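Encoded as structure tokens, the structure appears first; notes follow it.
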Amino acid sequence: MFKRILSLLLALSSLLSLRADEGMWPLTLLSKIQDKMQAQGLKLTAEEIYSINNSSAKDAVVRLMKNGRMFCSGEIISDKGLFLTNHHCGYDAIQSLATPQDNILTNGFWAKSMAEERPAGFQIGLLRKIEDVTKGVLEGTKISDPEADRAKIVAANLAKVKNALLESLGDDKKNYVIEVTSFYNGNQFLAMFYEVYRDIRLVGTPPENVGKFGGETDNWRWPRHTCDFSMFRIYANSDNKPADFAKNNTAFKPKHHFPVSLKGVKEGDYAMTMGYPGRTTRNTYSEGIVYLSKKERPMRVQLRRDIMDVYETHMKADKNVRLMYSSKLASIGNYWNKFNGEAKELSKPEIFAKRKNEEKAFENWVRQNNKTETYGTVTSLYDEAYAELNKFGLFPVYFQDGFQNSVPMVAAMRASGLLEMLKDKKSDKGIAMAAEYRAGIPEMYIEFNSEIEKQVLAVVFRHLLQDLNPEYLPKSLKELAEKAKNNYTLMAEIAWKKSMFSDTTKLKKFFAKPSAKGLEKDLLFAIVNEYLTVLRTDLGPKFTEINTKLDRANRLFLAAKMEMEPTVTMPPDANATMRLSYGTIKSYEGRDALKYNYYTTSKGISEKYIAGDFEFDAPDKLMTLVKNKDFGQYADPTDGDLHTCFLSDNDITGGNSGSPVINGNGELIGIAFDGNWEAIASDFGFMPSVQRTISVDIRYVLFIVDKIGGASNIISEITLKK
Ligand code: ARG
């Protein structure tokens, strides 16, 4: 009897725990959440997800990397190294492989044999090991050390620790990247060992109007009908080890690959994601919320929108321009959209009030527990830092969103290091570097349309002059504005004439016979160079101070939080390391009286379809299949329709794009590709009632591969579970 009551109680409590749980969990904490996951429907053990000694689910999760930086996630689905990620993750690679004559971005691409697969130009990392190195990294520090001193010790320790770990790899060293990453804002450090495979090839991609159906209008929105996937393969040498691209490399044999479920999903089913969320800041201080929502985000939204308008006007008029600028538009647009939502969401008074309350509770705790010596300065450090950011924060932001979105400005920036070298008459290093620069010109201007770039420059000039503190603006820019009487178009025209960075012929000519004088005389070079000097010299020390204050406040605030609730295991903020989020398939209420179903179907494709539209066109072949309900084995057994996307309450963010969504049996049910509008600000706080992960149903993916791509060779490689 007693036993029965106990199990009843247990069942009840597990029912109660069937609510969305915050957390992008590091794999090292799985034992803490295993019971909860299993109560929600997971049939696997923590050990089957992440094992130190045996193959486990994590061996099928890949980290997409380019130039040493991670950008997306993916999952291996065959014993021949075939992996899936999102279309928007493969986008850059696909665009680079596309030409006006062989436009695989627009038309799609399907390799009918391995020989047809094409080098993708990025790498993938496989997580091989995790090691807690907190002790070594924090050796010789105390919690209350002055931040600058501490930073020095930590940096030296980090280098030492990392080196020792790398050396411990012996011969494998050349194939590994080790990242030592801060968790809980510098209170814990974990070393991640990635084996990096360098020969990655494109296997298949849907046409753009399938993989990006709905464009920027549907981005971050539900209901969704985007089939956001692309497929690649990992190649290895004859020992299954990483190798540079070589024709005779062979398909990589993974330790684990995900079987793929054809059974579909129902509300309440277990769902988990594994992948690489980039960054969250869930403890952002109240004044930080104000700064972001009132200033930083709205300004960036405007700047980005204006650049996008230039792109879109020209892209709509010319197919080849569309191909050339599509990847840039998507990457500027994605966060234009998100920042816009964040600005609105974060300016809600209740969000600010909630922060304030938490901060008050923290201050009370500090006082009541006599912790003033350690934690007493936290809030004032925050206040000071954000007051300064309010004054100067936009300078680096406009560098990123303005200068770096202009091809000639980027080119001028890359030349800035050359100036001093060319001035040094005693050395011929400058000449050698100039030759190197010259060789890189075609690559820098590969996506360059003169008319677009001139207009973008006018946009950037306008925002710099209208939005930033004039005291710190480049003199050359202010003079140009004066000369053109603040006519920004005219300013860009003048710059176009007076700068060689507007024209590759002029640029090549100059760098064949470079001179310091010539560089200094160049108008765009002068503007860029002065701006860089301002950032480094005039504002540099300010930013060091601001960052030191923020680092210290962030670190101490989190340390206090852990001290306040010692029994709670808090999931740490995302930091581009592998995380797991568990949850269930779930619908939600968007706003009053509006309930969203948890899945979409082919019906919605027809509803949204607009022939020839920039965002809502779709292939004729797809529309015919939809009309005839010709879905084959990919139809849902309950209604015979094609289910396209679904929702679950997993906690993810950017970087998770391409993550596997896995059912209770460890089978792949979808690919995560987005979040919803109502939870657009979730990086700043988990929103259990409305936060949803948007995934493409794996059956929609396979349907496209099979019926649109005709790639039965790919289907037959996959382990299907009916
Ligand atoms: N919002 C998605 C994410 O950041 C990316 C979607 C890309 N699509 C687009 N239309 N830009 O995860």
Number of the condition not met by Ser682 [criteria: (1) touching a strand residue (DSSP E or B) at 6+ places or on another chain (Cβ under 8 Å); (2) more than 14 Å from the ligand (Cβ to nearest atom)]: (2)
Enumeration of residues in region 472-487 that are closer than 14 Å to Phe525 by Cα and either polar (S, T, N, Q) or modelled with pLDDT under 95 (or both): Ser476
Given (1) among the hydrophobic types (A, V, I, L, M, F, W, C); (2) open to solvent by less than 20 Å² (accessible area, probe 1.4 Å); (3) without any contact (Cβ under 8 Å) to a residue 12 or more places away in the chain, index of the condition Phe122 fails: (3)
Some residue of region 2-22 being under 24 Å from the mean Cα position of the chain (by Cα) and modelled with pLDDT of 95 or more: no
Qualifying residue in region 453-474 (condition: over 21 Å from Ile441 (Cβ atoms) and hydroxyl-bearing (Ser, Thr, Tyr)): yes
Checking Lys497 against (1) more than 22 Å from Asp424 (Cβ to Cβ); (2) open to solvent by 20 Å² or more (accessible area, probe 1.4 Å); (3) within 31 Å of the chain's Cα centre (by Cα), the condition it does not meet: (3)
Cβ-Cβ under 7 Å pairs, at least 6 apart or on other chains, region 279-308 side open to solvent by 30 Å² or more (accessible area, probe 1.4 Å), far side of a type in the set (Ser, Thr, Tyr): Glu287/Tyr382; Glu287/Tyr386; Lys294/Ser347
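So which strands (runs of 3 or more DSSP E) stay within region 173-268 end to end and still have 2 or more residues that are modelled with pLDDT of 95 or more, within 16 Å of the ligand (Cβ to nearest atom) and over 20 Å from the mean Cα position of the chain (by Cα)? Write out each step before concluding.
Details: elements: 176-183, 188-197, 199-205, 230-236.
Fully inside region 173-268 and qualifying: nothing.
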Residues within region 317-343 that are out of contact with any His (no Cβ under 9 Å at 6 or more places or on another chain), closer than 26 Å to Asn103 by Cβ, of a type in the set (D, E, K, R) and within 16 Å of the ligand (Cβ to nearest atom), tallied: 1
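Quick one: is Leu64 more than 26 Å from the chain's Cα centre (by Cα) and crowded, with 24+ Cβ neighbours inside 10 Å?
Working: more than 26 Å from the chain's Cα centre (by Cα): no; crowded, with 24+ Cβ neighbours inside 10 Å: yes.
For Leu64, the condition - more than 26 Å from the chain's Cα centre (by Cα) and crowded, with 24+ Cβ neighbours inside 10 Å - is not met.
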Filter pass, Leu647 being within 16 Å of the ligand (Cβ to nearest atom) and over 17 Å from Gly341 (Cβ atoms): yes
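Look through Ile143, Ile178 and report the one residue that is among the β-branched types (Val, Ile, Thr) and open to solvent by 60 Å² or more (accessible area, probe 1.4 Å).
Numbers: Ile178 fails: open to solvent by 60 Å² or more (accessible area, probe 1.4 Å).
The conditions single out Ile143.
Every residue, every condition in (1) assigned to a loop (DSSP other than H, G, I, E, B); (2) touching an Asp or Glu at 6+ places or on another chain (Cβ under 9 Å); (3) farther than 20 Å from Ile708 by Cα; (4) within 15 Å of the ligand (Cβ to nearest atom), yes or no:
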| position | (1), (2), (3), (4) |
| --- | --- |
| Ala93 | no, no, yes, yes |
| Thr99 | yes, no, yes, no |
| Asp102 | yes, no, no, no |
| Thr106 | no, yes, no, no |
| Lys112 | yes, no, no, no |
| Ala115 | no, no, yes, no |
| Gly121 | yes, yes, yes, no |
| Ile124 | no, no, yes, no |
Of all residues making up region 344-383, the number that are at negative phi and either within 16 Å of the ligand (Cβ to nearest atom) or outside any helix (DSSP H, G or I) (or both): 7
Residue in region 643-659 that is open to solvent by less than 10 Å² (accessible area, probe 1.4 Å), modelled with pLDDT of 95 or more and among the charged types (D, E, K, R) present: yes
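Conditions tested, residue by residue: (1) over 28 Å from Gly275 (Cβ atoms); (2) surrounded by 21 or more Cβ atoms within 10 Å (Cβ to Cβ); (3) touching a Leu at 6+ places or on another chain (Cβ under 8 Å).
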| site | (1), (2), (3) |
| --- | --- |
| Ala574 | no, yes, no |
| Ser581 | no, yes, no |
| Thr584 | no, yes, yes |
| Ser587 | no, no, yes |
| Gly590 | no, no, no |
| Lys595 | yes, no, no |
| Glu607 | yes, no, no |
| Glu615 | no, no, no |
First in region 538-560 and farther than 14 Å from Ala151 by Cβ, second anywhere and open to solvent by 50 Å² or more (accessible area, probe 1.4 Å) and modelled with pLDDT of 95 or more, Cβ under 6 Å, 6 or more apart: Leu558/Asn185
Residue within region 708-717 that is assigned to a loop (DSSP other than H, G, I, E, B), closer than 22 Å to Cys89 by Cβ and touching a Ser or Thr at 6+ places or on another chain (Cβ under 6 Å) present: yes
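Residue by residue, here is whether (1) without any contact (Cβ under 8 Å) to a residue 24 or more places away in the chain; (2) over 27 Å from the mean Cα position of the chain (by Cα) holds:
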{"position": "Lys595", "(1), (2)": "yes, yes"}
{"position": "Tyr599", "(1), (2)": "no, no"}
{"position": "Ser602", "(1), (2)": "no, yes"}
{"position": "Phe616", "(1), (2)": "no, no"}
{"position": "Lys621", "(1), (2)": "no, yes"}
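When the residues of region 320-341 are narrowed to those that are open to solvent by 50 Å² or more (accessible area, probe 1.4 Å) and within 17 Å of Glu453 (Cα to Cα), which ends up modelled with the lowest pLDDT? It would help to see each step written out before you state the result.
Taking region 320-341 and keeping what is open to solvent by 50 Å² or more (accessible area, probe 1.4 Å), we get 320, 322, 324, 331, 335.
Those still in the list that are within 17 Å of Glu453 (Cα to Cα) too: 320, 322, 324, 331.
Details: Asn320: 97, Arg322: 97, Met324: 98, Ser331: 94.
Taking the candidates together, the pick is Ser331.
Does Ile76 meet the test of being over 15 Å from Ser657 (Cα atoms) and at pLDDT 95 or above?
Working: over 15 Å from Ser657 (Cα atoms): no; at pLDDT 95 or above: yes.
So Ile76 fails the test.
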Flag if Val568 is part of a loop (DSSP other than H, G, I, E, B) and more than 28 Å from the chain's Cα centre (by Cα): yes
Whichever residue in region 665-679 is among the small types (Gly, Ala, Ser) and out of contact with any helix residue (DSSP H, G or I) (no Cβ under 7 Å at 6 or more places or on another chain) and, among such residues, is nearest to the ligand (Cβ to nearest atom): Ala672
Residue count, region 680-722 (criterion: buried (at least 20 other Cβ atoms within 10 Å of the Cβ) and among the small types (Gly, Ala, Ser)): 6
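Take the residues in region 269-278 that are more than 25 Å from Ile351 (Cβ to Cβ) and crowded, with 21+ Cβ neighbours inside 10 Å, then tell me which one is farthest from the chain's Cα centre (by Cα).
Taking region 269-278 first, the residues more than 25 Å from Ile351 (Cβ to Cβ) are 269-276.
Still in the list and also crowded, with 21+ Cβ neighbours inside 10 Å: 270-276.
Numbers: Tyr270: 25, Ala271: 22, Met272: 19, Thr273: 16, Met274: 15, Gly275: 11, Tyr276: 9 Å.
Here the residue is Tyr270.
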Search result, residues across region 359-374 that are within 25 Å of Arg279 (Cα to Cα) and exposed (fewer than 14 other Cβ atoms within 10 Å of the Cβ): none
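Here is a yes/no grid of residues against (1) free of Cβ contacts under 8 Å to residues at least 24 places away in the same chain; (2) surrounded by fewer than 24 Cβ atoms within 10 Å (Cβ to Cβ); (3) of a type outside the set (A, V, I, L, M):
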{"site": "Asn187", "(1), (2), (3)": "no, yes, yes"}
{"site": "Leu190", "(1), (2), (3)": "no, yes, no"}
{"site": "Ile200", "(1), (2), (3)": "no, no, no"}
{"site": "Val203", "(1), (2), (3)": "no, no, no"}
{"site": "Asp218", "(1), (2), (3)": "no, yes, yes"}
{"site": "His225", "(1), (2), (3)": "no, no, yes"}
{"site": "Phe229", "(1), (2), (3)": "no, no, yes"}
{"site": "Ile234", "(1), (2), (3)": "no, no, no"}
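The values are calculated or read from the model by the stated rules, or taken from the named source; none is laboratory data. From a predicted model like this one, the values you see are computed outputs, not experimental measurements. Here the Cβ is made from the backbone with ideal geometry for all residues, glycine too, and neighbour counts use every protein chain on show. Quick note on the areas: whole protein, heavy atoms, side chains included, nothing else; ligands and nucleic acids left out. Shrake-Rupley method; radii C 1.70, N 1.55, O 1.52, S 1.80 Å.
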